[in-house]
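Shown next, in structure tokens, is the structure this report addresses.
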Amino acid sequence: MTALERAFLSIFLACALLGPGLALAQQAAPGAERPIVVKELAVQGNRRVQEAVVLGRVTTRVGAQFQPARLAEDIRAVFALGFFDDVQMRVEDFEGGVKVTFVVVERPFVRDIQFAGNKKLDTAALQEKIDLKLGSVYNPVEVNRAAERLKEHYEEEGYFEVTIGPDAEKLPDGDVTVVFRIAEGRKITIDQIVIEGAQGLTPKQVKAVMATQERQFWVLRGTVQRQKLDDDAERIISLYNDHGYTQARVESSEIQLDTTKARVTVRIVVVEGAQFKVGGVDVTGNAVLPTEEIRRRIKVRTDDVFSRSKLRESVKGIQDLYGVIGRASADVNPTATQDAAARRVNIAFEIAEGPEVFVERINISGNSRSQEKILRREIPMHEGDLFTTKALERARQKLSNLGYFDQVRATTAPGSTKDKIVVNIEVTEKPTGLFSIGGGYSSQDSFIGTVDLSQRNFLGRGWEVFLRLRAGASTQQGTIGFTEPWLFDRPLAAGFDLFNNRRVYPEYTINSLGGDIRLGHPLGDYSRWGLIYRVTEDEISDIATNASTNLLSEEGKRLTSLIGGSLSRDTRDSVFEPTRGGSSSVGLDFAGVGFGDSKFVRAAASTAYFQSLWLDHVLSGRLQGGYAFGWSDEPVPLFERFYLGGPNSIRSRKSRAISPTDSSGTRIGGNSQLLGNVEYLVPLPFSVRAALFYDVGNVYGPDIAVGEKFDPLDLRHAAGLGVRWASPFGPLRLDYGVNLDRRTGEKFGQFHFSVGSPF
């Protein structure tokens, strides 16, 4: 007999005992009803659960008429509290009425939760997978469910032989300790994945889209996780839908365990159905934009194999097109009608263009350190402006490129009316300051001591200040700088640098002391101009007495007064890890402004392009050229000429290793250069990317060089492999470049370790 049945029996007996009394009362006063009144309610057997909690759930009340039919509902209500193993009711005469007592047996509480036998998975990870809490009421059903969740978690990690026995150990006070006794067994890996029923697509194509793989990192055997396997079914169906198999389904997905080998075979059965092609493609409802312009955004064409992904891309393309002209509320509803006999899918894009949409409000959140002003000034829209999706994406891009935030989310919400929209900018700030004292290593300077003190968002106002000190065997550098990106609350970037640098080359030593003033201003959304004025005192010393006369003529101090101007355009999606877009620049420097010993003109131009390919692969390339010449019968100073080699140019050679030489073999730099780079990036786990690169270029001249002349076909070639890591300290690079045209005395290749993008 269950506890609930016992409770109902107690109700029946109470009613049987009270029945004669009720009958006698009715005989004593015929024609007049004398109802039995509940004089008292009580709870018996409760230790932790307060009486008020129990009585608060029942409908029977003191002073009310005793109604036996209501007692069954009260019993259920008390059981529903979940605190009791047994609930009974006792009814007895009391002060001319009755006293109703609920007799309860409390369930024990969970005093402790323990795991025994787990070695492969730690206790903290297991605790997170169950809902049992210390101090909760012990419920065997919930404990068994927790054991099942633990078993599922073990199977997700590849332990299919696991057994878990939950046990409740009673304590002297009646509470329990729940112990999960675990026998983990062996970790089961994948022997093979078998795809059955694949005919229109190959099993290899099906396996390629699955998260469950036979091999991890091409070497380790994969493991089965049931959730991933369930998600794989959706991935397989999406793959077939993108190849015209609109009726495809995954019939079954089985895991067959071989306990002898500790391997599993994953067997997936697919039913492909017929392949459909695109029939007619219609566009209706458009009045603002011409049909032909909309059709250019549609990825599906008549007679193409039908693809649901291309259909979604088409809808997004049309919506983006309307978003560009300020109609963000435009609704695009695609309907796909199947003609089973002809195996065609007829597609109609129904467009509700809607009104022009204006920005009602811009909300910014997450900026605890950064002043809201420095975010708003980067957003290319204001309240009341016509809203465009292009401006929204540009806002997200510009805020990301500030480098102040780990994440920038730009979303929209409906406004108060259909022609208004609310823009929400949510940022996650990251540390923008750096203070470090230590050492480092680079392929260019070997071991160096460093002191860095910088803040890219000083006082939350967007100011950039920095102090950098470097000291090593071949280099000593000291630089202090400041930049105000919005001078006078206008997009006019202004700043200055003061520096004192010393670098030792095999042929000579150069000391540079000076400073510069910088200005920059945007031209439209993606372009800007820049100006710089620099004054430098350079001293060349430690030249060997047997050096060439050309090099000896450079010895001593030289004052340079230089003004430079530049124009640039940058459409990259990110300045830190670009995947699409490009950047181009052209600059001109003129030395000899007002005073100084150096008199030369130098021009340089560069263009780079980034293209995102499949599966986040990125192909990028750069072309760069420069030319310099002296005026007033003065040659271009040695330290202002062009050199190649190093982590950002031709990576098979050390920095400045590619250069014309004089009669003594000293590298003296050139007055012109050409450089080209191509790089292919492949994403890997843990924010790592592999790089395959090819570099080509050379330096030519100057006129004083022996046997040197400008020959654009005389080029140096290099190729190699690299690794890119988006570390918390910034993007790090390790490259090894190989000399493809190795000459006498040159090394086979060169390692380079550096920070930032190569171009």
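The values are calculated or read from the model by the stated rules, or taken from the named source; none is laboratory data. Quantities reported herein were computed from a predicted structural model and do not represent experimental measurements. Neighbour counts are summed over all protein chains in view; Cβ atoms, including those assigned to glycine, are modelled from backbone coordinates with ideal geometry.
When the residues of segment 372-426 are narrowed to those that are in a strand (DSSP E or B) and among the small types (Gly, Ala, Ser), which ends up nearest to TRP486 (Cα to Cα)?
Going through segment 372-426, the residues in a strand (DSSP E or B) turn out to be 386, 405-414, 420-426.
Retained after the next criterion (residues that are among the small types (Gly, Ala, Ser)): 410, 413.
Working: ALA410: 23, ALA413: 30 Å.
Ranking the qualifying residues of segment 372-426, first place goes to ALA410.
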Which number in (1) aromatic (Phe, Trp, Tyr); (2) surrounded by fewer than 18 Cβ atoms within 10 Å (Cβ to Cβ); (3) modelled with pLDDT of 85 or more marks the one condition that TRP218 misses? (3)
Starting from residues that are of a type in the set (A, V, I, L, M, F, W, C) and in contact (Cβ under 8 Å) with a residue 40 or more places away in the chain, keep the ones in segment 611-625 and report whichever is surrounded by the most Cβ atoms within 10 Å (Cβ to Cβ). VAL618
Given ARG301, ARG297, which one is basic (Lys, Arg), at pLDDT below 95, loosely packed, with under 14 Cβ neighbours inside 10 Å and outside the structural domain of THR388 (by TED's automatic domain parsing)? ARG301
Would you confirm whether any residue within segment 303-320 is touching a helix residue (DSSP H, G or I) at 6+ places or on another chain (Cβ under 9 Å), outside any strand (DSSP E or B) and farther than 30 Å from HIS243 by Cβ? no
Consider only pairs whose beta carbons are under 7 Å apart and that are at least six residues apart or on different chains; among these, list those whose first residue lies in segment 401-421 and is under 16 Å from ASP331 (Cα atoms) and whose second residue is of a type outside the set (Gly, Ala, Ser) and assigned to a loop (DSSP other than H, G, I, E, B). LYS418/PRO355; ASP419/PRO355; ASP419/GLU356; ASP419/VAL357; LYS420/VAL357; ILE421/VAL357; ILE421/PHE387
Keeping to segment 499-525, report how many residues are closer than 14 Å to ARG470 by Cβ and within 42 Å of the chain's Cα centre (by Cα). 5
Single match in GLU157, GLU196 (criterion: in contact (Cβ under 8 Å) with a residue 24 or more places away in the chain and surrounded by 14 or more Cβ atoms within 10 Å (Cβ to Cβ)): GLU157
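In segment 654-691, which residues are closer than 30 Å to ALA591 by Cα, under 43 Å from the mean Cα position of the chain (by Cα) and assigned to a loop (DSSP other than H, G, I, E, B)?
Matches in segment 654-691: LYS654, SER655, ARG656, ALA657, SER659.
Scan segment 485-497 for residues that are within 23 Å of VAL451 (Cα to Cα) and out of contact with any Ser or Thr (no Cβ under 7 Å at 6 or more places or on another chain) and report the count.
The number of residues fulfilling the criteria is 1.
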Among all residue pairs at least 6 apart or on different chains, which show Cβ distances below 8 Å where the first residue, located in segment 544-572, is without any contact (Cβ under 8 Å) to a residue 12 or more places away in the chain and over 21 Å from LEU531 (Cβ atoms) and the second is of a type outside the set (Ser, Thr, Tyr) and not in a helix (DSSP H, G or I)? LEU552/ILE543
Which of the numbered conditions does PHE349 fail, given that it passes all the others? Conditions: (1) of a type outside the set (Asp, Glu); (2) part of a loop (DSSP other than H, G, I, E, B); (3) over 28 Å from HIS521 (Cα atoms). (2)
Just one of ILE130, ILE190, ILE164, ILE182 is hydrophobic (A, V, I, L, M, F, W, C), in a strand (DSSP E or B), over 30 Å from ALA52 (Cβ atoms) and modelled with pLDDT under 90; which is it? ILE190
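Matching residues to (1) assigned to a loop (DSSP other than H, G, I, E, B); (2) at pLDDT below 90; (3) among the aromatic types (Phe, Trp, Tyr):
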{"site": "ASP703", "(1), (2), (3)": "yes, yes, no"}
{"site": "GLY707", "(1), (2), (3)": "yes, yes, no"}
{"site": "ASP711", "(1), (2), (3)": "yes, yes, no"}
{"site": "PRO731", "(1), (2), (3)": "no, yes, no"}
{"site": "ARG742", "(1), (2), (3)": "yes, no, no"}
{"site": "SER754", "(1), (2), (3)": "no, yes, no"}
{"site": "PRO758", "(1), (2), (3)": "yes, yes, no"}
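One line per residue, one yes/no per condition, for (1) surrounded by 15 or more Cβ atoms within 10 Å (Cβ to Cβ); (2) under 20 Å from SER757 (Cα atoms):
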{"residue": "ARG572", "(1), (2)": "yes, yes"}
{"residue": "THR579", "(1), (2)": "yes, yes"}
{"residue": "GLY594", "(1), (2)": "no, no"}
{"residue": "PHE600", "(1), (2)": "yes, no"}
{"residue": "SER606", "(1), (2)": "yes, yes"}
{"residue": "TYR609", "(1), (2)": "yes, yes"}
{"residue": "TYR627", "(1), (2)": "yes, no"}
